[in-house]
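Worksheet: the structure to be examined is printed underneath.
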Amino acid sequence: MKNKLRVKVLLIFFGLFFSIFIPFTSCESKVYIDINSPLFKQLPIAIQEFSGPYGKEISDVISSDLEFTGLFLHINPDAYLETSAQEFNPKNWSVLGVEIVVKGSVEIEKDKDLIVMVFLYDVFEAKEILKKEYQAKKELIRTLSHSIANDIYNKLTGETGIFRSKIAFISGDKKEKDIYIMDWDGNRISKLGVKKEAIISLRWSRDGTKLIYSARRNREWGIYCLDFVNMKEEKVFSSKGTNILGDFLPKGDEIIISSSKDGTPNIYIINLKESSKIKKLTSSYGIETSPSISPDGKYITFVSDRGRTPQIYLMDIDGLNVNRITFEGTYNTSPIWFPKGDLIAFVGLKVGNQIFTIEPDGSELTQLTTEGNNEEPSFSPDGRCIVFSSDRNRSKSIYLMRTNGENQKRITPGNMECFGPRWSSNNF
Amino acid sequence: MRKVLVGLILVGGIVLIGCAPAKKIIKPESTLVPSGKISEKIEEKTIEIKPEEQLVKIDSEKITTREATTGKYFEDENMFQNIYFDYDKYEIRPEAKSVLATACSWFLKNSRVEILIEGHCDERGTTEYNLVLGDRRAKAVRDYLFAFGIGSERIETVSYGEERPISFEKTEEGWQKNRRAQFVVLNLKELTK
């Protein structure tokens, strides 16, 4: 009911929007980089240090956000002919090959609020393409900077930026584990305080209001749900045996898990609202585990050892039409579906555990990591990056890379043992 | 719904800043001139209202959860030898059968004790798969006990995956020590008093 109403309101809104703006859409919709084209060229961009208090801090966050995407060619600030205080003059930039210029200024109001003016210029057409004012409390400076980066990214690519998404992960000592949350760039790490003997398989709900996970307490592996709205943790499923959370179904009220409640590990769909509603999808004497759902909700990728070694398989959402996807290697596990379509990331044993991608039909097998053991891949909401855990520097840390394997970097402190990362949606 | 989602949390003294999509009011300026190709100027003035983010303090007690604690048993871990497994396998090896026979006959004689079987793995696999592999190893041993006539009500299993290694050597010898099922004899406290 509520949803219907919302749709109506949206339709009215869009109706108004288009009737007013149609004459201008040709300018509005210019996309500077077609990031979905395989032939896209990096866009030369100059991000000038913002003037005013905290200006550098803000423009540095924006630069590093945009730089990680690999879509932009950052022109060295030493070459700039124009200071941030000077007015934009396209001639100062065209000689450097710069196509987009970002300028900004910061003021402080009442000693605590930051007011940031941001300007985005198109050098070829000699015009301003974005002018926007932002206001936020000083302690939210990083969130504010990520918001600016999202707006710039959206203006230039037409896509939604991921710079305000979060990553959850697990850390702790031998006796007690806990869940932590940080910004996508590894900043602002915070502990949630759920305290468990062991935790595994963190999964965000699509609206970002819940985190579900498997945890062991008193020898029992239960499935828990932490609701951020009322800050309550609830056990949503438990039984004898090992229960491991797989994924949310697109509708949100159902989850897919692997459970050995009836003896051997098999895959089940459970309704969160009525936990008695359980549907068993596999029936094997061996191991069936780690289910992940395709974005359209039609398919499940999972691990099975029915062929004597653990391999990645595909089946329909009702458990029918099972097909094996991986044939190379003797140990392929932890599949996760790409959020934007036909691609699966998984972990394969090849001189240590390495992250690979493969298409659901078994084609295009690509190895992304080579150093140390790399596990637990999770895609960014736009599918352009992967977060994973790696022990390449001895202790386990969280790393980021682009989905093509480029730009691998550690984002958690070297002295903190971290694993099980999971990327939130943009709705967070 | 999105508005409801506001702040995260501070637990254990560490600040977590939650994010909600900031409200945006987009006021297009009237200077939009659609004519003339090069002189086109787009000016979009947007005022971003303060992000609806707050630093909310949450005590860890506020994360509520209902669970009982165990502790009704005296646990004896070293009564029987471990049962070892091949890499990535959960079949009982022939040489384990004498250890199992010894354990089973003792369990049959001491019918008041309960039995916990722990499944363990070496570190080479992935965390999640090792957890189900450990489950499968513990259950392979459990099935053996069933065959000896030990009642299912006396047997409990748990998988620790790769979490509790005995050996930290990164050699086949070290890994072999870790690929195991381990018996823990559970004596009910009230019975042993």
I'm told A:Arg203 meets every condition in (1) more than 9 Å from chain B (Cβ to nearest Cβ); (2) of a type in the set (Lys, Arg); (3) assigned to a loop (DSSP other than H, G, I, E, B) except one. Can you identify the failing condition by its number? (3)
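Return a yes/no flag: does region A:238-246 have any residue that is facing chain B (nearest Cβ under 7 Å), surrounded by fewer than 20 Cβ atoms within 10 Å (Cβ to Cβ) and aliphatic (A, V, I, L, M). I'd like the intermediate steps shown before the answer.
If we filter region A:238-246 for residues that are facing chain B (nearest Cβ under 7 Å), which is where we start, we get A:241-242, A:244.
Applying the additional criterion that residues be surrounded by fewer than 20 Cβ atoms within 10 Å (Cβ to Cβ) yields none.
No, that holds for no residue.
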For region A:406-423, give me the residue count where each residue is under 15 Å from the mean Cα position of the chain (by Cα) and within 18 Å of A:Ser334 (Cα to Cα). 4
Subset of region B:76-111, residues free of Cβ contacts under 8 Å to residues at least 60 places away in the same chain, outside any helix (DSSP H, G or I) and not polar (S, T, N, Q), comes to B:Asp88, B:Lys89, B:Tyr90, B:Glu91, B:Ile92, B:Arg93
Residue pairs, Cβ under 6 Å, 6 or more apart or interchain, first in region A:287-299 and more than 8 Å from chain B (Cβ to nearest Cβ), second surrounded by 14 or more Cβ atoms within 10 Å (Cβ to Cβ) and polar (S, T, N, Q). List them. A:Glu288/A:Asn266; A:Glu288/A:Thr282; A:Glu288/A:Ser304; A:Ser292/A:Thr301
Test result for A:Glu133, part of a strand (DSSP E or B), in contact with an Asp or Glu (Cβ under 7 Å, 6 or more places away or on another chain) and farther than 18 Å from A:Gly52 by Cα: no
Given the criterion part of a helix (DSSP H, G or I) and among the aliphatic types (A, V, I, L, M), identify the matching residue among B:Ala181, B:Ala138. B:Ala138
Only one of these is in contact with an Asp or Glu (Cβ under 6 Å, 6 or more places away or on another chain), within 14 Å of chain B (Cβ to nearest Cβ) and either surrounded by fewer than 19 Cβ atoms within 10 Å (Cβ to Cβ) or under 21 Å from B:Gly134 (Cβ atoms) (or both): A:Ser304, A:Ser258. Name it. A:Ser304
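Test A:Lys174 against the stated conditions and say whether it is over 18 Å from the mean Cα position of the chain (by Cα), facing chain B (nearest Cβ under 9 Å) and without any contact (Cβ under 8 Å) to a residue 12 or more places away in the chain.
Taking the combined requirement at face value, the residue satisfies it.
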Residues of region A:353-371 satisfying the condition of being surrounded by 18 or more Cβ atoms within 10 Å (Cβ to Cβ) and not hydroxyl-bearing (Ser, Thr, Tyr): A:Asn353, A:Gln354, A:Ile355, A:Phe356, A:Ile358, A:Pro360, A:Leu368
For region B:112-131, enumerate the residues that are in contact (Cβ under 8 Å) with a residue 40 or more places away in the chain and either hydroxyl-bearing (Ser, Thr, Tyr) or closer than 25 Å to A:Phe346 by Cα (or both). B:Gly119, B:His120, B:Cys121, B:Asp122, B:Glu123, B:Arg124
Any chance A:Phe88 is in contact with a Lys or Arg (Cβ under 7 Å, 6 or more places away or on another chain) and either closer than 18 Å to A:Tyr32 by Cα or part of a loop (DSSP other than H, G, I, E, B) (or both): yes
Report yes if some residue within region A:159-181 is small (Gly, Ala, Ser) and farther than 18 Å from A:Gly383 by Cα; otherwise report no. yes
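None of the figures in this text is laboratory data; all of them are computed from the coordinates on show. Because the structure is a prediction, the values reported are computed rather than measured. Cβ: placed from backbone, ideal geometry, glycine included. Neighbour counts: every protein chain shown.
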